[in-house]
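Chemist: Got a structure here, written out as structure tokens. Questions coming.
Nothing in this text is a laboratory measurement; each read-out follows from the coordinates by a stated rule. Quantities reported herein were computed from a predicted structural model and do not represent experimental measurements. Neighbour counts run over all protein chains shown; Cβ positions are idealised from the backbone, glycine included.
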Amino acid sequence: MRDVHIAADAKTGWVVGRGGDIRATKDASATWTQQTSGTSANLFAVHFAADAKTGWAVGEGGDIRATKDASATWTQQTSGTSANLFAVHFAADAKTGWAVGEGGDIRATKDASATWTQQT
């Protein structure tokens, strides 16, 4: 596993890793449930909004995945890069976010990841 995000309730959380692996817990990590990410790309980072339903995972080859249902389903987003993305973070509004990666690549979104633009 490469990254973990734990919600404010300290019971709900997600981890991401190799081969598109995403797992979720609802019981403070007593048990983990495999999620279907829809990718075989290695995932390097995960971040969820305060509502613990809206989240993003980023990884290999510019892969960005988004969920609006606490990770029950994930959809591919168009990042506009093939660089590996190593971190993702969203502001409290869950619309404004950034992903950063290989070679100094910085991507930003202001529409909850519907579109991403390269930053300088």
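Chemist: Give the residues of region 8-23 that are crowded, with 18+ Cβ neighbours inside 10 Å and not in a loop (DSSP other than H, G, I, E, B), sorted by residue number.
Modeler: Within region 8-23, 13, 14, 15, 16, 20, 22, 23 meet the criteria.
Chemist: If you go through region 67-79 one residue at a time, do you hit one that is more than 10 Å from the chain's Cα centre (by Cα), of a type in the set (Ser, Thr, Tyr) and within 16 Å of residue 101 (Cα to Cα)?
Modeler: yes
Chemist: Scanning for something of a type in the set (Phe, Trp, Tyr) and in contact (Cβ under 8 Å) with a residue 40 or more places away in the chain, does region 92-102 turn up at least one residue?
Modeler: Looking for residues that are of a type in the set (Phe, Trp, Tyr) and in contact (Cβ under 8 Å) with a residue 40 or more places away in the chain, one finds none in region 92-102, hence no.
Chemist: Can you tell me how many residues in region 66-86 are in contact with a helix residue (DSSP H, G or I) (Cβ under 8 Å, 6 or more places away or on another chain), closer than 13 Å to residue 43 by Cα and touching a residue at least 24 places away in the same chain (Cβ under 8 Å)?
Modeler: Selection size over region 66-86: 3.
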